[in-house]
Structure formats: structure tokens, C-alpha cells
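Everything on this sheet refers to the single structure shown next.
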Amino acid sequence: EDQVTQSPEALRLQEGESSSLNCSYTVSGLRGLFWYRQDPGKGPEFLFTLYSAGEEKEKERLKATLTKKESFLHITAPKPEDSATYLCAVQASGSARQLTFGSGTQLTVLP
Amino acid sequence: SAVISQKPSRDICQRGTSLTIQCQVDSQVTMMFWYRQQPGQSLTLIATANQGSEATYESGFVIDKFPISRPNLTFSTLTVSNMSPEDSSIYLCSVEDGSGLAGGRPRATGELFFGEGSRLTVL
């Protein structure tokens, strides 16, 4: 059974204080790992797809990296508008379309 | 990208009643997905709605409890039947980004667009 574990559950940072969110996964052949951002009262918003170990993707202050067992979402010099819940999901190579989501990390960036 | 509208955005329901959630997409899509997000938990796929055929349900979800309609390529409904407090949740409609190639390999179909969700509270 595919599993995704995200840590920490919640993270509070001062504005400008860089940090990383972790997504550990177990999957029978990785087809893709996905990062989403979810603001309160909204649906998740797609951020990145990573396909293979060693791959990196960047978008503004966010950088996602992937190893064979986990993915990190690095946040450099965060701003209060980066406050959100960040969700990680995996798709196994044997599954048609089903994603397995983690429970998310709730990030709060204080001004 | 796709713009997805869901109705209602929230509702408070009585035990034993049913509620239908509507999902409208601004473009034609092959598949629409219905997810549930229970408080403090991850998103769980309920079913995949295909136009012109019956929905495909995931383990733990059945058609009698969550009937789905897909009358055309831009619209779907999810009904939560005979509700109990355990059905209190956010229900999300989603569609895939367009298919294609990324870096020479088939793009994984996990790049989803989500509606804003329907928050149901069952008393």
C-alpha cells in the first residue's frame, strides 16, 4: 500500500527564516511526486511534479527536490503570503490515476 | 489551466438527508475526480466520473452512498446520501491538466486543478 508521511505537521517561521518541509513516501514504483499548496477555504493548487531521484524544480521562493525515499520543499526567505498548507502526493506507476496524499504541513510565516 | 466552480460552497445538513454538490468546469475534460478531505486528514479519492459511463469508485466508497452523474464533458454532480455526522467533510471536485510529454516521458496524470470545495456539516 502506498504511503505518504509529511513532517512537521505545523511550522511557524519568521519572515526571512528559511526552512524545509519533508515528504517521506513508500510506493511500488514511483510515477510522479506532486506538491500542492492549499489556502484556507480553497482547493489545493498545483505547484510541482518530480519524476525521478535527483530532480529539482523551483518556483519563486520554493524549491522541491526528490530522492528515492523522500522529497523536500525548501522555502527560502519566506514571506507571510507563503503561509498555507503544503500537500505532497505520489502516484504509483501501476495505478491509472489515483494519487495518495499526505496530511500536509501547515506553514505560518510571521511578519 | 481550468476554472472549476462548485456549489454549494458550504451547507449544514440534517442527519438522514441527502445533498447534491455540483461541479462546473470552463472547458471540456475527459475525467472529473471527486475527493473528500476530512478535518485534519489527507485528501481521499472517492470516485472518477467519466462522461457516458458509470463512475469508478475507490475502495471504501459505494454508488448507493455517493451517486455521481456526468451528463456532459463540463459538468458533474456528487450526491452524499443518507448523511450522518461522519460525512462532515470538505468535498472537492478536480480535473487533470492536459496530457502530454514532459522531458520525453509521458506526463504523470497527477497535475490536478481543484474547485474551492464544498464544506458539509451534518448535525
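The values are calculated or read from the model by the stated rules, or taken from the named source; none is laboratory data. Computed from a prediction, not measured in an experiment: that's the story for all the values here. Neighbour counts run over all protein chains shown; Cβ positions are idealised from the backbone, glycine included. Accessible surface areas use protein heavy atoms only, side chains included; no ligands, DNA or RNA. Shrake-Rupley method; radii C 1.70, N 1.55, O 1.52, S 1.80 Å.
Taking A:G43 as the residue in question, decide whether it is buried (at least 19 other Cβ atoms within 10 Å of the Cβ), at the interface with chain B (Cβ under 10 Å from one of its Cβ atoms), small (G, A, S) and more than 16 Å from B:Q37 (Cα to Cα). Answer is no for this residue. The residues of the stretch B:71-123 that are at pLDDT 95 or above, open to solvent by 60 Å² or more (accessible area, probe 1.4 Å) and within 15 Å of the chain's Cα centre (by Cα) amount to a single one, B:R119.
Might you let me know whether the stretch A:3-24 holds any residue that is touching a helix residue (DSSP H, G or I) at 6+ places or on another chain (Cβ under 7 Å) and among the acidic types (D, E)? Before you say what the answer is, go through the steps one by one.
If we filter the stretch A:3-24 for residues that are touching a helix residue (DSSP H, G or I) at 6+ places or on another chain (Cβ under 7 Å), which is where we start, we get A:15.
So of that shortlist, the ones also among the acidic types (D, E) come out as A:15.
Scanning the stretch A:3-24 turns up at least one residue that is touching a helix residue (DSSP H, G or I) at 6+ places or on another chain (Cβ under 7 Å) and among the acidic types (D, E).
Of the listed requirements (1) assigned to a loop (DSSP other than H, G, I, E, B); (2) within 12 Å of another protein chain (Cβ to nearest Cβ); (3) open to solvent by 30 Å² or more (accessible area, probe 1.4 Å), B:G16 misses just one: (2). Among the residues of the stretch B:34-55, are any modelled with pLDDT under 95 and either among the aromatic types (F, W, Y) or in contact with a Cys (Cβ under 6 Å, 6 or more places away or on another chain) (or both)? No.
Would the stretch A:11-27 turn up any residue that is among the charged types (D, E, K, R) and within 14 Å of chain B (Cβ to nearest Cβ)? Checked against the condition, which is being among the charged types (D, E, K, R) and within 14 Å of chain B (Cβ to nearest Cβ), the stretch A:11-27 yields no hits at all.
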